[in-house]
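Participant: Please see the structure below; I have some questions.
The values are calculated or read from the model by the stated rules, or taken from the named source; none is laboratory data. As the structure is a computational prediction, the values presented were derived from the model and not from experiment. Quick reminder, even Gly has a Cβ in these numbers, built from the backbone with ideal geometry, and neighbours come from all protein chains shown. Surface accessibility is based on the protein's heavy atoms, side chains included, excluding ligands, DNA and RNA. Shrake-Rupley method; radii C 1.70, N 1.55, O 1.52, S 1.80 Å.
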Amino acid sequence: MTRTPPARTGTRRGRSRLASAGLHLTLAAAAVIAVFPPLWLLVTSFKPRNDAFSTGLVTHFTFANYTHVVADTEFLAWFKNSVLIVGVTTVLGVFLSATTGYAVSRFRFPGMRPLMWLLLITQMFPVAVLIVPLYNLLAGLGLLNQPAGLVITYLTIAVPFCAWMMKGFFDTIPVEIDEAGRVDGLNPFGTFWRLVLPLARPGLAVTGFYTFVTAWAEVAYASAFMTGEENLTLAGGLQTFVNQYTNDWGSMTAAAVIIAVPAALVFAFAQRHLVAGLTAGTTKG
C-alpha cells in the first residue's frame, strides 16, 4: 500500500519563504554595494569640477573632464606606455606560465618539487617588502625608469601563480595525446605547441586575463620604478591628479573611466573561457 508523504506544515513553508526573502535581499544588497562605486565614478566624471563632491546626480552634464585629460595632460603618453608594458608582459607571461606548467605536469626531473614550492613561496611576500630589493636590483642592471624593468617586475608577480594554475589545467589533458605526438615523430616542444596547447585555450585565457590585470592595474611598482610624467603608466599617472599639491577629482574620475574600458573589453573577450579555465586549474593540483 502506497503511503502518501505528510503535507508540509504552514510553519515550515513560512520559514522557507522567509529564508528565500532574506537570500534575495542579501543578494540585492551585495549587488548594490558592488555596482555603486563604479557607477558613482562614472557619474562624477560627467560633473563640473565644482560639483565633484555633490551627492546629487549630474545637473550640468559636461565632457570637460575628459577633454582636459586627453588634451591637457600626458594621458596619451601614459596610455602608450601602459599598452607597451602590458602587451609585452601578457605575451611573455602566458608563454612562460604555459611552458613551465606543462614541464612540471608532464616531466619528472631533479628539483621539480623545490621549484613548485619556490613558485608558491614567492606569492607570500607582500609588495611593500619587495619594493626596496627590486629597486636595488633594477638600479644595478640599469633598468630603472625603463619599460623592460617594469615588465620583468610584473612577470615575477604573474608567472608563479599562473604556472601553478596551468599545471593544474595540463593535468586534465590526457597523456595519451602526448604519446600520440611522439609516435608521429614530434619532439616534446612540438607536441606541446601543436597538440596540447590548442586544448588549453580556457587556461590560457585565464592566464592572459590575470597577467593583463596584474600589469594594467598595478600601482606600487609603477610609481616606485618609473619617474617623470612622460614615463609613467596609467596607474601611476592617476596619482598626479590627486596628491598633496593638487586635488582634481573630476579629471581623475574621467581618467579612471577611460582606463577601465580596455580592462572591460579584455574581460568580455575572455569571459567565456574564464569559468572553465579556473575550474580546471583549481580542481587538479
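Participant: Given the criteria under 20 Å from residue 240 (Cα atoms) and assigned to a helix (DSSP H, G or I), does residue 90 qualify?
Facilitator: It is false that residue 90 is under 20 Å from residue 240 (Cα atoms) and assigned to a helix (DSSP H, G or I).
Participant: Ok, one more. Here is a check on your reading of the model: is residue 194 among the charged types (D, E, K, R), assigned to a helix (DSSP H, G or I), open to solvent by 50 Å² or more (accessible area, probe 1.4 Å) and touching a residue at least 40 places away in the same chain (Cβ under 8 Å)?
Facilitator: no
Participant: Give 125, 107, 161 a once-over and let me know the one that is open to solvent by 70 Å² or more (accessible area, probe 1.4 Å) and closer than 15 Å to residue 96 by Cα.
Facilitator: After ruling out the rest, the residue left standing is 161.
Participant: If residue 209 satisfies every condition in (1) crowded, with 20+ Cβ neighbours inside 10 Å; (2) in contact with a Leu (Cβ under 7 Å, 6 or more places away or on another chain); (3) farther than 28 Å from residue 101 by Cα; (4) not hydroxyl-bearing (Ser, Thr, Tyr) but one, which is the exception?
Facilitator: (3)
Participant: Let me ask another. Under 9 Å by Cβ, and 6 or more places apart or on different chains, what pairs join a residue from the range 29-54 that is more than 9 Å from residue 250 (Cα to Cα) with one that is open to solvent by less than 50 Å² (accessible area, probe 1.4 Å) and basic (Lys, Arg)?
Facilitator: Between residues of the range 29-54 that are more than 9 Å from residue 250 (Cα to Cα) and residues that are open to solvent by less than 50 Å² (accessible area, probe 1.4 Å) and basic (Lys, Arg), the close pairs are 54/47.
Participant: For residues that are hydrophobic (A, V, I, L, M, F, W, C) and under 17 Å from residue 83 (Cβ atoms), tally how many sit in the range 139-154.
Facilitator: Residues meeting the conditions: 3.
Participant: Residue check, residue 87 against (1) under 17 Å from the mean Cα position of the chain (by Cα); (2) crowded, with 17+ Cβ neighbours inside 10 Å, all met but one. Which one?
Facilitator: (2)
Participant: Within the range 55-69, track down each residue that is among the aliphatic types (A, V, I, L, M) and either touching a residue at least 60 places away in the same chain (Cβ under 8 Å) or at positive phi (or both).
Facilitator: Of everything in the range 55-69, those that are among the aliphatic types (A, V, I, L, M) and either touching a residue at least 60 places away in the same chain (Cβ under 8 Å) or at positive phi (or both) turn out to be 64, 69.
Participant: Taking only the range 128-152 into account, find how many residues are surrounded by fewer than 17 Cβ atoms within 10 Å (Cβ to Cβ) and not in a helix (DSSP H, G or I).
Facilitator: Qualifying residue count for the region: 3.
Participant: Now for a separate question. Do the conditions hold for residue 155, that is, is it open to solvent by 50 Å² or more (accessible area, probe 1.4 Å) and outside any loop (DSSP other than H, G, I, E, B)?
Facilitator: No: the conditions fail for residue 155.
Participant: Which of the following residues is open to solvent by less than 50 Å² (accessible area, probe 1.4 Å), closer than 24 Å to residue 161 by Cβ and out of contact with any Lys or Arg (no Cβ under 9 Å at 6 or more places or on another chain): 112, 116? Can you show your working first?
Facilitator: Working: 116 fails: out of contact with any Lys or Arg (no Cβ under 9 Å at 6 or more places or on another chain).
The unique qualifying residue is 112.
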